[in-house]
Amino acid sequence: MCPAVAGRAAPRAPNVCRLLGRRARGFYARDAGVALRKNMGLLRTILCQESTKFKNVWTTHSASPIAYERGRIYLDNYRCCISSIAQEPRILYQKPKCSKSEKIEDALLLECPLGEMLPNPSDYKPSLIVLTVQNWLLRLSADCGEILEKVYLAGSCCKFRYLSWDTPQEVMVVKSAQNKLPAAARQAGIQQSVLFHLAVFQVLPLSFIGMLEINKKVFGNNVTDVAISNGILIVMYSMGLVRLYNFQAISEQFMEQPFDLGCEFNWNGEVGVVGKYPFGLPCNIKITDTPPLLFEASSLENAFQIGGFPWHYIITPNKKKHRGVFYICSLKDNALAKNGIQDMKCCSLEPDWIYFHPDMSGRIIHVGPNLIKVLKLKEVEDNTDQIEIAEDFIIMANRENCVNSSVTVTSSGRVVKKRLNLLDDDPEQETFKIVDYEDELDLLSTVAVTEIGADGRAHLDLRCNEHGILLKSIPLLESWDVTYSHEVYFDRDIVLHIEQKPNRRFSCYVYQMVCDTAKEDECSRHERTERVSCKKGGRIFEYT
C-alpha cells in the first residue's frame, strides 16, 4: 500500500460491495443505460422549452391501413416501410405487389435483447415478425425487408391470424381464428370440438416451445376467446366469465414431446421437418383434462385487468346497468378496496375507460370525457391489512362554465328559458380522446379535441408523469373529425397522427421537433398555407 503524501489525505478505498450492489441494480457510471437516461433527460428538457415547436414536416395518404413501430411507418400491408426520423420521407424498402395468398395478417417488431450472444449477425438488428394468410411466419429485416427466417405453421386445418407477446421481446404467441364449421356441416350434425390453436415461440433465436388446442370438451362450450400473457393462459366465456391457468404448468404436464425447428420428426404416422411445408408444427401439448384453476372472475364484456402493488384486479359487474362502473379488488382475497368503486357518472356517447398505469408504478388511470384521474393504492391508516384507492392527481379539460339555453317569448311577451343539458362528450366542448405514456421521457400525453364550427381542433399535451403538471402543448394543424378513427403516437421527438376516413382512406401526418426562433416561427406560419407535393417510389407525399 502506498503511503499517504504529506499534507494530503490518503485516498479512500472504494467500497467494493457497495459498487457491486449498485451495479446489480443498474447504477453504474459507465453503463450504457446511464448514458441513455442522461440523453433522455436532456431531450426532455429541450422538448419542454418554450422555443421548441413541433412542425408538420410531411403527410401521406393510403388506401390500406397504416401502422407505426419505433420510427418506422408501414404502408401497403407492410410492403412499404418509411423512416419517420428524417425531415423528408425516406423509403427504407418497398416490395413489389403480392398476391392475396401472401397478404400479411399481423406483425410484431422484434428488437435485439441485451447481454445475450446470438447465433447470427442479423439477430443484433431490429426485425419484423409477420404472419401471412397462408400460415407462414416470417422474420424480416426491419431495414431492408429481407426474409431472415420462415416457419410454416400448419395446413388448412386452422387459420392463424393474430400475433401477441406473452413476455415482451422474449416469448411470442400465434393464435388462430376461432374454428367454425360450415353451415352445411352444422346442419348435418357434425360437431367441432377444437375452438382455437395457439403456437408459442421463444424469439431470438427463434425456437418452438409448443402448440396446443383449446377444446370445448376440456374448457366448456361457451369459450369465445383465449390468450396467453405473462405466463398465464386466459380463457374467456360468453357469459362474461374469465378464467386464468398457469401456462408453464400446463406445458410441463401435457407436453407429449418437445420439438426443435428444422429437425425431422415422426408424428402420428407423418414424417416431416418441423416448421417446413407441408407438415408445419406438431400439436405437441395435448390438454386431456381441465388444468388447475388459478383464478376466475365475472365481468361485463370479459373486461379484466391485473396490476398494482399489492396485486389487485379491475372488473365491471356483469350487468349492463353497471356499464361505466369499475370495481377494484384484491387478487389475494377478492376484497373490495376502500373507495374501490370508481364511477364517473358520465352522460356521454363514448364510455369512460380505466387501466393500470404502464409505468409500473402500480397506479391506475381513469379517463372520462372531461376528467382524467390518476389513482394510487395505499394502506388504510388505521388498518394496514386493507388497501384504499386515493387520488394522486386530476387533469381537467379546459371548459367554460356555461350552459346553453334556448329562449322563447310567449304571446304575452314573457321570456321563457329552457335549459339544455349537453352530453359530457359534446363535440363543442373540449373532450379527452387519447391518453398515453412515453416511457423513455417519463411523460404523460393526452389528446383533447374541440369542435370549432365545422372543423374539430386537437392538441397533444405533455404532462409530468409524477404530478400531472402541463409542460408542453402541441397543436395538431389538420382538422379532427370525431366520427373518424384516430391514432396518435408520441415517440421521443416525433408525433404521428394516423387517421382513418370513410371508404378505407388513411392519412398519416408526421410532426418533428424543431427549435424555432421568433423569426423562424413567423416563417413557418406563412409556410403552412403552401403545400408542395412530390412523388417517391410511386407514392405522393405532401410537404408543409
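Could you please find all residues in region 501-515 being surrounded by fewer than 16 Cβ atoms within 10 Å (Cβ to Cβ) and either touching a residue at least 24 places away in the same chain (Cβ under 8 Å) or of a type in the set (Val, Ile, Thr) (or both)?
Arg504, Arg505, Cys515
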*Got at least one residue in region 448-463 being in a strand (DSSP E or B), more than 22 Å from Glu542 (Cα to Cα), modelled with pLDDT of 95 or more and open to solvent by 20 Å² or more (accessible area, probe 1.4 Å)?*
yes
*asked:* Among the residues of region 172-217, what is the count of those that are within 25 Å of the chain's Cα centre (by Cα), small (Gly, Ala, Ser) and over 19 Å from Gln134 (Cβ atoms)?
replied: 1
*Would you confirm whether any residue within region 74-84 is assigned to a strand (DSSP E or B) and open to solvent by 20 Å² or more (accessible area, probe 1.4 Å)?*
no
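Residues in region 301-338 that are more than 18 Å from Val367 (Cα to Cα), outside any strand (DSSP E or B) and open to solvent by less than 40 Å² (accessible area, probe 1.4 Å): how many?
2
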_Just to be sure I understand the filter: pairs with C-beta atoms under 6 Å, separated by 6 or more residues or on different chains, first member in region 344-365 and over 14 Å from Glu391 (Cβ atoms) and free of Cβ contacts under 8 Å to residues at least 24 places away in the same chain, second member of a type outside the set (Gly, Ala, Ser) and open to solvent by less than 70 Å² (accessible area, probe 1.4 Å). Which pairs pass?_
Trp353/Val367
*All positions within region 122-140 that are surrounded by fewer than 19 Cβ atoms within 10 Å (Cβ to Cβ) and touching a residue at least 40 places away in the same chain (Cβ under 8 Å)*: Pro126
_Checking Ala107 against (1) part of a loop (DSSP other than H, G, I, E, B); (2) at pLDDT 95 or above; (3) of a type in the set (Gly, Ala, Ser): exactly one of these is not met. Which one?_
(1)
*Sole exception among (1) open to solvent by 70 Å² or more (accessible area, probe 1.4 Å); (2) outside any strand (DSSP E or B) for Ser64, by number*: (1)
*Extreme residue, farthest from Ile306 (Cα to Cα), among residues of region 218-231 that are under 22 Å from the mean Cα position of the chain (by Cα) and crowded, with 18+ Cβ neighbours inside 10 Å*: Val226
*Could you check Val242 against (1) in contact (Cβ under 8 Å) with a residue 60 or more places away in the chain; (2) among the hydrophobic types (A, V, I, L, M, F, W, C); (3) part of a strand (DSSP E or B); (4) over 18 Å from Lys175 (Cβ atoms) and say which number it fails?*
(4)
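The values are calculated or read from the model by the stated rules, or taken from the named source; none is laboratory data. Not measured: the values here are computed from a predicted model. Methodologically, a virtual Cβ is constructed for each residue, glycine included, from the backbone with ideal geometry; neighbour enumeration extends over all protein chains shown. Note: areas computed on protein heavy atoms with side chains; ligands, DNA, RNA excluded. Shrake-Rupley method; radii C 1.70, N 1.55, O 1.52, S 1.80 Å.
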